[in-house]
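Report on the structure given below.
The values are calculated or read from the model by the stated rules, or taken from the named source; none is laboratory data. Quantities reported herein were computed from a predicted structural model and do not represent experimental measurements. Please note: Cβ atoms are built from the backbone with ideal geometry, for glycine as well, and neighbour counts cover all protein chains shown. The protein model used for the area step is the full one, side chains on, heavy atoms only, and it has no ligands, DNA or RNA in it. Shrake-Rupley method; radii C 1.70, N 1.55, O 1.52, S 1.80 Å.
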Amino acid sequence: VQEELPSTDIITLTRHVLMDQFRIGAAATGDLTLLLNAIQMTSKFIATNVRKARLINLVGLAGETNVQGEEQKKLDVLSNDIMINSLRASGKTAVLVSEELEEAVIIEDKHKGKYCVVFDPLDGSSNIDAGVNIGTIFGIYQIQPGSKGTISDVLRPGSEMVAAGYTMYGSSANLVLSTGDGVNGYTLDAALGEFILTHPNIRIPSRGKIYSFNEGNSVYYHKPVINYLNSIKYPANGKSPYSARYIGSMVADVHRTLLYGGIFGYPDDKKSKKGKLRLLYEAFPMSYLTEQAGGLATTGRQRVLDIVPTNIHERCPIFLGSKDDVNDLIKAYQDADKEE
Ligand code: P6P
């Protein structure tokens, strides 16, 4: 029996992005590839530390000392530090926005480049003690023509991003990325230290059978959301109801939605007036990826990627997923608004 020979036509993320850039004829200076290499490195570093944390319980709170007696940094602080340092050192960035930092980082001239990166270094980290998948989410803008790189370069609609992605840390590290021409998934081969193309051209099904909401907030939900959820939990004309799947880690819930279809939602409600998720480095990147995979992302009344941010940490309501499912949600808002 012919033994399974390892593939010798391995497509690494770096090679695939370069092929993509040349194929779409981008002004391939290689800058975006080098920036994405810096992001890959941070994902490998974070993956290693998340895995270690699970093994030797490094997840303690900042301020404690770990088994080596070193000053213990919380994983999300560690993840933020490696991203800031690596993105600065790449020489390709001008403005950085992190969920962990109150203010944007404006890169000093000698390290300045033409990209702005907005990111949540370790989203869902409150779940890490339970071994739930968590992740890094990032979005990339190019600075505006003539700009030296200021906060106005990131207070722009998500539709102006040139790339977005996430790395999910679970049994393996999965990096899902779009540079504006579809979505591809890569899995870290720790032995090679490379992200390998494993999910080429991810397309979200036009309709799914899963809804992903934290229904613990139902008592606060507004009418359109209540009506929509009832329509899939108690369907008319004998259709079978949808299944509920909610992990409580955005990267994991969105990853499943991209692959299996359905709808993920974190609505605004009577308790959270603008919802909970952050616009710039959670909603924008995930909406960008969803649209690039053939899905939709809305606040219920507006395309998420059309929103113009007013501050770097603002929140927004978000529903994303299969286009037929999200269109049903949008119709629930239109019907409810008509009744007003
Ligand atoms: P809730 C994790 O804390 C997070 O920021 C996202 O990853 C996740 O989608 C959401 O919050 C979960 O929020 O209120 O359902 O626990």
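For this structure, a couple of remarks:
- Listed residue (Ser218, Asn174, Ala190) projecting farthest to the positive dipole end of segment 159-219, Cβ model: Ser218
- Think of each Lys and Arg Cβ as +1 and each Asp and Glu Cβ as -1; about the Cα centre, that makes the dipole of segment 205-258 roughly 200 debye.
- Note on segment 115-263: Cα convex hull, mean projected area over all directions, 12.3 nm².
- Amide H contacts under 5 Å for Leu122: none, restricted to partners 5 or more places along the chain or on a different chain, H placed in the peptide plane at 1.01 Å from N.
- Remark: segment 265-277, residue by residue, has Karplus-estimated 3J(HN,Hα) of x, 10, x, 6, 8, 5, 8, 10, 4, 10, x, 10, 6 Hz, where x stands for each Gly or Pro and the curve is 6.51 cos²θ - 1.76 cosθ + 1.60 at θ = phi - 60°.
- Relative compactness, the chain, computed as alpha-carbon Rg over 2.2 N^0.38 Å: 1.01
- Among the listed pairs Lys209/Lys331; Lys74/Lys270; Lys114/Lys274; Lys223/Lys274; Lys270/Lys338, those with a Cα-Cα distance over 24 Å are Lys74/Lys270; Lys114/Lys274.
- Ranking Asn37, Ala104, Leu155 by how far each Cα lies toward the positive end of the dipole of the chain (charges on Cβ) leaves Leu155 at the top.
- Over the chain, accessible surface divided per residue gives 45 Å², non-protein components excluded, 1.4 Å probe.
- HN-Hα J in Hz across segment 159-173 - Karplus 6.51, -1.76, 1.60, θ = phi - 60°, x for Gly and Pro: 5, 8, 5, 9, 6, 7, x, 8, 10, 9, 9, x, 4, 9, 9
- Put a plus charge on the Cβ of each Lys and Arg, a minus charge on the Cβ of each Asp and Glu, and nothing anywhere else: the dipole of the chain about its Cα centre is then about 560 debye.
- When you count the other C-beta atoms within 10 angstrom of each residue and take the mean per peptide, 33-40, 224-231, 281-288 line up highest first as 281-288, 33-40, 224-231.
- Amide H within-cut-off set for Ile210, under 5 Å, with H built and near neighbours excluded: Ser243, Gly262, Ile263
- A Cα-only calculation for segment 256-340 places Rg and Dmax at 12.5, 37 Å.
- Taking θ as phi - 60° and the Karplus parameters 6.51, -1.76 and 1.60, the scalar couplings of segment 138-153 work out to 9, x, 10, 10, 8, 4, 6, x, x, 8, 8, x, 9, 4, 5, 6 Hz in sequence order, x denoting glycine and proline.
- Annotation: for a label point projected 7 angstrom from Cα along Cα→Cβ of Lys338, residues of segment 278-319 with backbone N closer than 19 Å are 300-302.
- Each label point was placed 7 Å from the Cα along the Cα-to-Cβ direction; for Ala130 and Asn85 their separation is 3.2 nm.
- For segment 220-315, the residue among Tyr242, Leu258, Gly294 whose Cα projects farthest onto the positive side of the dipole built from Cβ charges is Tyr242.
- Given their separation in residues at 0.36 nm each and the Cα-Cα distance between them, Ser240 and Lys270 gain 7.8 nm when the chain is fully extended.
- Close amide H pairs (under 5 Å, H built 1.01 Å from N) link Ile202 with Val183, Asn184, Gly185, residues at least 5 positions away or on another chain.
- Highest mean packing comes first when the peptides 269-279, 160-170, 102-112 are listed by Cβ atoms within 10 Å, giving 160-170, 269-279, 102-112.
- Calculated [θ] (222 nm, deg cm²/dmol) that DSSP helices of n ≥ 4 give over the chain, each run adding -39,500 (n - 2.57): -9500 deg cm²/dmol
- Rough spin-label spacing in nm, given labels placed 7 Å along Cα→Cβ, for Lys331 and Glu100: 4.5 nm
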